[in-house]
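K.L.:
Sharing a structure, written as C-alpha cells. Questions coming.
Please treat every number below as a calculation from the coordinates, not as lab data. This is a predicted model, so every value here is computed, not measured. In this analysis, Cβ positions are derived from the backbone assuming ideal geometry, glycine residues included, and neighbour counts consider all displayed protein chains.
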Amino acid sequence: MTKIYAVIDTNVIVSALYSHKTNAATILVLNYLTQGVLQPLVNNEILAEYKEVLFRKKFNFSPKIVMEWLQFFETYGISTERTTTAEKFIDEKDIVFYEVTLSVEDSFLITGNKKHFPQTPHVVSPAEMIAILTLLKKDR
C-alpha cells in the first residue's frame, strides 16, 4: 500500500486514548500510523500542542502512554514547514494543522472537527480516512 501523508489533529489522539472500542476509527488511525501506512506530518507547533493537550489534568491520561505517543510523533513524524493560507478559521490554533497539511502534496488532515476547517477533499474525519485506506487496500 502506498504511504499516505497525514496531519493528525490533537482531538483524534485524545479520542483514541479515551476510546475502549478497538474498532473505533480514531484507534484505527493510530494503528495505521504505527504500522507505517500513515506517515505523520508535524512541526514544532503541532508537537507542542500535542504535549500541552495530552498532559492536561482533565484527561488524566497515563504519562507513560502520553510520552510514548509524543516520542512516536517526534521519531516518525516528518517535520515540515507551513504553507500559508488566506482561509479564515473559527479557532486560530487550527491554522497550523491546515497549513502543515498544505505543505505536502496529496496529504490529509485527519480531524474530528471538520467544521473548523475549509471544506476540501483533504480534510477528512477518522472514519473517512479509514474508508479511504480500505478502498486503497482493495485496489492493490
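K.L.:
Pairs please, first residue from segment 74-101 and in contact (Cβ under 8 Å) with a residue 24 or more places away in the chain, second anywhere and part of a helix (DSSP H, G or I) and loosely packed, with under 12 Cβ neighbours inside 10 Å, Cβ atoms under 8 Å, 6+ apart in sequence or on different chains.
P.N.:
Matching pairs, first to second residue: 79/44; 90/115.
K.L.:
Restricting attention to segment 89-112, and to residues there that are among the aliphatic types (A, V, I, L, M) and touching a His at 6+ places or on another chain (Cβ under 8 Å), which single residue is surrounded by the fewest Cβ atoms within 10 Å (Cβ to Cβ)?
P.N.:
Top of the filtered list is 90.
K.L.:
Taking the options 22, 111, 26, name whichever one is over 17 Å from the mean Cα position of the chain (by Cα) and either under 22 Å from residue 3 (Cα atoms) or among the β-branched types (Val, Ile, Thr) (or both).
P.N.:
22
K.L.:
Would you point out the residue of segment 113-129, among those that are outside any loop (DSSP other than H, G, I, E, B) and not aliphatic (A, V, I, L, M), that is nearest to residue 24 (Cα to Cα)?
P.N.:
126
K.L.:
Let me ask something else about it. From the list 86, 6, 48, pick out the single residue that is surrounded by fewer than 11 Cβ atoms within 10 Å (Cβ to Cβ) and among the hydrophobic types (A, V, I, L, M, F, W, C).
P.N.:
86
K.L.:
Could you say whether any residue in segment 40-60 is out of contact with any helix residue (DSSP H, G or I) (no Cβ under 7 Å at 6 or more places or on another chain), free of Cβ contacts under 8 Å to residues at least 24 places away in the same chain and over 25 Å from residue 91 (Cα atoms)?
P.N.:
No, the conditions are met nowhere in segment 40-60.
K.L.:
How about segment 113-127: which of its residues are surrounded by 17 or more Cβ atoms within 10 Å (Cβ to Cβ) and not β-branched (Val, Ile, Thr)?
P.N.:
Residues satisfying the conditions are 116, 117, 122, 125, 126.
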